[in-house]
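The values are calculated or read from the model by the stated rules, or taken from the named source; none is laboratory data. This structure is a prediction, so every number in the text was calculated from the model and none was measured. Every residue, glycine among them, receives a Cβ derived from its backbone with ideal geometry; neighbour counts consider all protein chains shown.
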Amino acid sequence: MDIKIIETVTVIAAYFLIRIVSGKAIEKTVENSLMQKSRGKVIKKGVNIILLSITTAFLFFVWGVKQSELVVFFSSFLAVLGIALFAQWSILSNITSGIIIFFSHPVKLDDTISIIDKDYHVEGRVSDIGLFFVIIKTNDGERVTVPSNVFVQKMIKHKINL
């Protein structure tokens, strides 16, 4: 059997194994954090796209696509993508912050929090944590939408509801 076929099968098997393991890890994080399942699906899709890109690059190398050609293609693609996304910097910032909140922020759904800001003080219960926004329901019944990047940058005081 040709070595390229064995390497291809190994790379594809590794892709599916890593995809399953990362999917279960994301699902466990969603369950433990009391987050909405739709949010977990968005994170899963992002991770799957990254894994698929890495797997495709490995398969190109296995089948002998010249590295110089690949580097030219990817650098051109990333340059165009960078220019296109520069105008959308705040959206990328919110997505990145949403992922940070998802994996490492101690605030969970139904926690009572206070966002400490010199200009505007927000206090209430976290009703939704999305990829772009965190929604807080105040004691007055108002809903305050805080962009994810602002939520990550501000000091937050919270009382954990057990």
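When restricted to residues that are surrounded by fewer than 16 Cβ atoms within 10 Å (Cβ to Cβ) and either touching a Gly at 6+ places or on another chain (Cβ under 6 Å) or of a type outside the set (D, E, K, R) (or both), segment 115-131 contains 4. The number of residues in segment 117-151 that are modelled with pLDDT of 90 or more and either polar (S, T, N, Q) or touching a Leu at 6+ places or on another chain (Cβ under 8 Å) (or both) comes to 2. Being at pLDDT 75 or above, closer than 27 Å to ARG19 by Cβ, more than 21 Å from the chain's Cα centre (by Cα) and not in a helix (DSSP H, G or I), is that true of even one residue in segment 65-77? Yes, that holds for at least one residue. For segment 2-53, filtering for residues that are within 26 Å of PHE73 (Cβ to Cβ), surrounded by 11 or more Cβ atoms within 10 Å (Cβ to Cβ) and among the basic types (Lys, Arg) leaves 2. GLN36: modelled with pLDDT under 80 and under 25 Å from LYS137 (Cα atoms), yes or no? It is true that GLN36 is modelled with pLDDT under 80 and under 25 Å from LYS137 (Cα atoms). Looking across segment 104-121, the residues that are in contact (Cβ under 8 Å) with a residue 40 or more places away in the chain and among the acidic types (Asp, Glu) come down to ASP110, ASP111. Yes or no: GLU27 within 29 Å of GLY98 (Cα to Cα), assigned to a helix (DSSP H, G or I) and either charged (D, E, K, R) or in contact with a Ser or Thr (Cβ under 6 Å, 6 or more places away or on another chain) (or both)? Here the answer is yes, as GLU27 does meet what is asked.
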